[in-house]
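Q: Here you go, one structure.
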Amino acid sequence: DAELIDGPEYLLFPNILPWPSIVVPLFYRFRPKGNDPDWCIWETMLFMPFEGERPPSCEITYVEQGKSFEDYGKMGALDKILQQDAEQLPLVQQGLKASATQKVELARYQEARIRHYHQTIDSYINR
């Protein structure tokens, strides 16, 4: 039941998040957009199971800045969820910069994967 409801996600270094669920097999990839840390290219892919010969890839849709996923209607019921995520991203970025200590505080258990991710990045950079 948990797999059908919760949708586990994984983080693959450095910027890929597969959500290997039966209901919504999503795949996120984030790439830098120039040298500005406040912007990125967010790619969302949906990998549906199939049998037999591989179907052709779908057309790529570019969601313009200021537009909604729902304006395009390409991901069905996921459009609303993706739009909610997109609307939260600027607030998350502002929150990351709002700390008086200039440090990001991570929860001990729930955000252990995020901590490990950044420790891995730091180890690569420090080599």
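The values are calculated or read from the model by the stated rules, or taken from the named source; none is laboratory data. None of the values given here were measured: they were computed from a predicted structure. Note that we place each Cβ from the backbone using ideal geometry, even for glycine, and neighbour counts take in every protein chain shown. These accessible areas exclude ligands, DNA and RNA; they are computed on the full protein's heavy atoms, side chains included. Shrake-Rupley method; radii C 1.70, N 1.55, O 1.52, S 1.80 Å.
Q: Can you say whether Phe13 is at pLDDT 90 or above and within 15 Å of the chain's Cα centre (by Cα), as far as the supplied structure shows? Break it down stepwise before answering.
A: On the way: at pLDDT 90 or above: no; within 15 Å of the chain's Cα centre (by Cα): yes.
No, not satisfied.
Q: Report, ordered by the first and then the second residue, all pairs with beta carbons closer than 7 Å, sequence separation of six or more or different chains, a first member in region 61-76 that is within 17 Å of Ile41 (Cα to Cα), and a second member that is not in a loop (DSSP other than H, G, I, E, B).
A: Filtered contacts from region 61-76: Thr61/Tyr72; Val63/Phe69; Val63/Tyr72; Ser68/Gln83; Phe69/Asp79; Phe69/Leu82; Phe69/Gln83; Phe69/Ala86.
Q: How many residues are touching a residue at least 24 places away in the same chain (Cβ under 8 Å) and either charged (D, E, K, R) or exposed (fewer than 10 other Cβ atoms within 10 Å of the Cβ) (or both) when one looks only at region 106-125?
A: Number of matching residues: 1.
Q: Shifting gears a bit: Only one of (1) within 28 Å of Ala98 (Cα to Cα); (2) touching a strand residue (DSSP E or B) at 6+ places or on another chain (Cβ under 9 Å) fails for Phe47. Which number is that?
A: With (1) within 28 Å of Ala98 (Cα to Cα); (2) touching a strand residue (DSSP E or B) at 6+ places or on another chain (Cβ under 9 Å) applied to Phe47, the lone miss is (1).
Q: Quick check: is even one residue across region 65-72 at pLDDT 90 or above, surrounded by 11 or more Cβ atoms within 10 Å (Cβ to Cβ) and either basic (Lys, Arg) or in contact with a Gly (Cβ under 6 Å, 6 or more places away or on another chain) (or both)?
A: Initial filter on region 65-72 (at pLDDT 90 or above): 67-72.
In the following step, the residues that additionally are surrounded by 11 or more Cβ atoms within 10 Å (Cβ to Cβ) were identified as 67-72.
Adding the requirement that they be either basic (Lys, Arg) or in contact with a Gly (Cβ under 6 Å, 6 or more places away or on another chain) (or both) leaves 67.
Yes: one or more hits.
Q: If you don't mind, another one. Take the residues of region 60-96 that are aliphatic (A, V, I, L, M) and over 14 Å from the mean Cα position of the chain (by Cα): which is farthest from Pro25 (Cα to Cα)?
A: Ranking the candidates gives Leu96 first.
Each row is one residue, and each column tells you yes or no for (1) open to solvent by 60 Å² or more (accessible area, probe 1.4 Å); (2) in a strand (DSSP E or B); (3) not basic (Lys, Arg).
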| position | (1), (2), (3) |
| --- | --- |
| Arg31 | yes, yes, no |
| Phe50 | yes, no, yes |
| Leu82 | no, no, yes |
| Leu91 | yes, no, yes |
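Q: Hey, Lys103 hits all of (1) part of a loop (DSSP other than H, G, I, E, B); (2) among the charged types (D, E, K, R); (3) surrounded by 12 or more Cβ atoms within 10 Å (Cβ to Cβ) but one; which does it fall short on?
A: Result: Lys103 fails condition (3) only.
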